[in-house]
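The values are calculated or read from the model by the stated rules, or taken from the named source; none is laboratory data. Note that the structure is predicted; figures quoted are calculated from it, not measured. Virtual Cβ from ideal backbone geometry, glycine too; neighbours counted across all protein chains shown.
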Amino acid sequence: MQNLGRHFGFCDFAQNDEDIEERERFMQKEEFRILSTTAILGYGFPLESFEEGLKRNPHLIAVDAGSTDPGPYYLGAGVSFTDRDAVKRDLEIMIKAGVERGIPVSIGTAGGSGGAPHLEWNRKIIEEIARENNLHFKLALIHSELPSELIKAKLKEGKVIALDPAPELTEEAIDNTTRIVAQMGIQPFMEAHKNDAHVILAGRAYDPAVFAALAVHKGYDMGLATHLGKILECAAICAIPGSGSDCMFGYIGSDYFRVEPLSNARKCTTVSVAAHTLYEKTDPCILPGPGGYLDLTDTKFEQETDNIVRITGSKFVHGEDFFVKLEGARKIGYRTVSIAGTRDPIMMEKIDDIIRGVKERVADNFREKENIYNLNFIVYGRDGIMGGLEPMRKSPLSHEYGIIIEAVAETQELANTICATARSTMLHYGYEGRRATAGNLAFPYSPSDFKAGEVYEFSVYHLMQVDDPATVFPIEYIKF
C-alpha cells in the first residue's frame, strides 16, 4: 500500500525554491498567530476578548462548529444542534473582521455534524451575512458527506476497518445508514488556503485541522500545529476558570507554541493546559488523527508568564497509510417520553420490582408488537447517569426519584401508545406496603407525554483508507 505521509506538511504546495524561501523567511521573522473564538460556533464569545485577539494581529481566525457529543440524531436528521441566530451572531463578527483586515476565517464541521444539509445550512447564513454587510470575498465549501458507492467499493477492497466497539461494516449497514461523513485532516484546508479562499466552510473535520492547516501550509511544524489546534478547538476551556464561550489565542514558533487567554478573568497554567490536552483521549501520549498520530511523549509544558503557557516537544508521526474516520447514523424509530417523580420511600425501595412489573404488563398488552418497540425507564436520584455501573446504587442517597419513561417504536403512534400505557400502569401500580390509592407519580407537565420524533443511532464508526487525503473531500468555490 502507498505511503501517504508525504501528503502532510506543505510539500504538496511548495513546488519551487521561491515558495520554500518565502516560507522560511516568514518563519524566521515572526510567530504564526491564531485567534480561536469559541468552543463551538454559536456558543458565543465576549466582544472584548475578540477585540483583544485582533490587537495581536492574527494570521487566522478559526472555530470548530461541531461535535458528536450531542449524539447521532443531528447527523441523521440533517439539522444543527446549535441555534441559527447564535451561529449567525458569531460568524458575522468573525467574517466582518476577517474580510476588513484580510485575515482568513476558517470553520470546521459546519452545522454541527458536517453533512451536506449542515454545510448548506451554514452556507446560507454566510450568504446572508455577506449580503447584509455588503462584504465581498471568496468562500471555499469543503464537502465531507460520502456517497455509499464509494464506501462499498472501499469495503470490497478491504480498506474499511471497524473501530471498537463497532461491528464489521457490511453493505446492508451502509444501505440502512441515513448519512455518512468522513473526518477530514488538514489537506483540504491547505488546498483551499492555497487557492486564496478568504472564508473556508468545511464539513466534518478533525477538530485541530481547522486551526493547524494554514500554519502547516506556511511551513510550521505539524506536530506543534496539531497539538495547538487540539487545545484551541475548545477555546478558553483550557484556562482557569474554563469557559466554552470565550476566546483563546495561540502562537507557533519554530520549535514551540504558546497559548494565552484573552480575558483578564482567566489564566492558562501548565496544569490546565496539560489537562485539556488529555481531554477525550484514552492514551496520555498517543493521540490518533487522520494520517497518523500526535506523539506527546517528550512534550513539556512551561509557565512562561502568569497567564501564558509555552509547549515544546510535540511530534506528529505519519502512518504508512492514510485513514479517515467515518461517522454514520441510521433511523431506528420514533420516541415518546414521559417525565414523572416520586418521593414515596416504600415505592422507591421497591422501584426495580415496580418497573419489572410495568414492563411485563405492557408486554402482555402488546404481545403481538413485542419485537417492534423498546420500553426503558431512567431513574434519576439513584442511577440515572451511570445506570448499572453506578457504584452507590443501593445507598439511600435521595428522598425523591425522577423517572423518565421512554418508548421507542417503529412509528410515532405506537411509541405514543406504549409510553401512555406504561405511564398509566406505573401511576396506579399496586405494590406491597402501598398506603395511598390516588396515584404513585407526580407529573411536572401537562400533557405528560412528549412526542420526541425520529430516533437515530450511530451505525458507522470505522476507518477508511484513502489514496489521497484531499481529493476525497471536493471543494466548491463561491465568490460573494
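For beta carbons closer than 9 Å, sequence separation of 6+ or different chains, a first residue in the range 69-91 that is in a loop (DSSP other than H, G, I, E, B) and a second that is among the basic types (Lys, Arg) and modelled with pLDDT of 95 or more, the qualifying pairs are PRO72/ARG330; GLY78/ARG179.
Answer yes if at least one residue in the range 238-248 is small (Gly, Ala, Ser), within 29 Å of LYS194 (Cα to Cα) and at pLDDT 95 or above, and no otherwise. Checked the range 238-248: no residue is small (Gly, Ala, Ser), within 29 Å of LYS194 (Cα to Cα) and at pLDDT 95 or above.
Scanning the range 353-375 for residues that are touching a strand residue (DSSP E or B) at 6+ places or on another chain (Cβ under 9 Å) and either loosely packed, with under 12 Cβ neighbours inside 10 Å or of a type in the set (S, T, N, Q) (or both) returns a single hit, ASN374. Quick check, is ASN365 in contact with a helix residue (DSSP H, G or I) (Cβ under 8 Å, 6 or more places away or on another chain) and among the polar types (S, T, N, Q)? The answer is yes for ASN365.
If GLU320 satisfies all but one of (1) touching a strand residue (DSSP E or B) at 6+ places or on another chain (Cβ under 6 Å); (2) assigned by TED's automatic domain parsing to the domain that holds ARG179, what's the number of the condition it fails? Evaluating GLU320 over (1) touching a strand residue (DSSP E or B) at 6+ places or on another chain (Cβ under 6 Å); (2) assigned by TED's automatic domain parsing to the domain that holds ARG179 leaves (1) as the failure. Of the residues making up the range 282-304, those that are surrounded by fewer than 18 Cβ atoms within 10 Å (Cβ to Cβ), outside any strand (DSSP E or B) and touching a Lys or Arg at 6+ places or on another chain (Cβ under 9 Å) are THR297, ASP298, GLU304.
From the list ALA153, ALA212, ALA162, ALA166, which one is of a type in the set (Gly, Ala, Ser), surrounded by 19 or more Cβ atoms within 10 Å (Cβ to Cβ) and under 23 Å from VAL466 (Cβ atoms)?
After applying the criteria, what remains is ALA212.
Just name the residue that is surrounded by the fewest Cβ atoms within 10 Å (Cβ to Cβ) out of those in the range 96-125 that are closer than 21 Å to CYS234 by Cβ and touching a Ser or Thr at 6+ places or on another chain (Cβ under 7 Å). Only one residue fits best here, namely GLY112. Here ILE378 fits the description: aliphatic (A, V, I, L, M), surrounded by 13 or more Cβ atoms within 10 Å (Cβ to Cβ) and outside any helix (DSSP H, G or I). Would you say ALA77 is farther than 26 Å from VAL460 by Cα, surrounded by fewer than 23 Cβ atoms within 10 Å (Cβ to Cβ) and small (Gly, Ala, Ser)? It is false that ALA77 is farther than 26 Å from VAL460 by Cα, surrounded by fewer than 23 Cβ atoms within 10 Å (Cβ to Cβ) and small (Gly, Ala, Ser). With respect to SER338, determine if the residue is of a type in the set (S, T, N, Q), surrounded by 22 or more Cβ atoms within 10 Å (Cβ to Cβ) and more than 28 Å from VAL472 (Cα to Cα). It is true that SER338 is of a type in the set (S, T, N, Q), surrounded by 22 or more Cβ atoms within 10 Å (Cβ to Cβ) and more than 28 Å from VAL472 (Cα to Cα).
Annotation note: Cβ proximity below 6 Å between a residue of the range 232-249 that is closer than 19 Å to ALA215 by Cα and a residue that is small (Gly, Ala, Ser) and not in a helix (DSSP H, G or I) (sequence gap 6+ or interchain) occurs for LEU232/SER36; LEU232/GLY250; CYS234/ALA39; ALA235/SER36; ALA235/ALA39; MET248/SER36.
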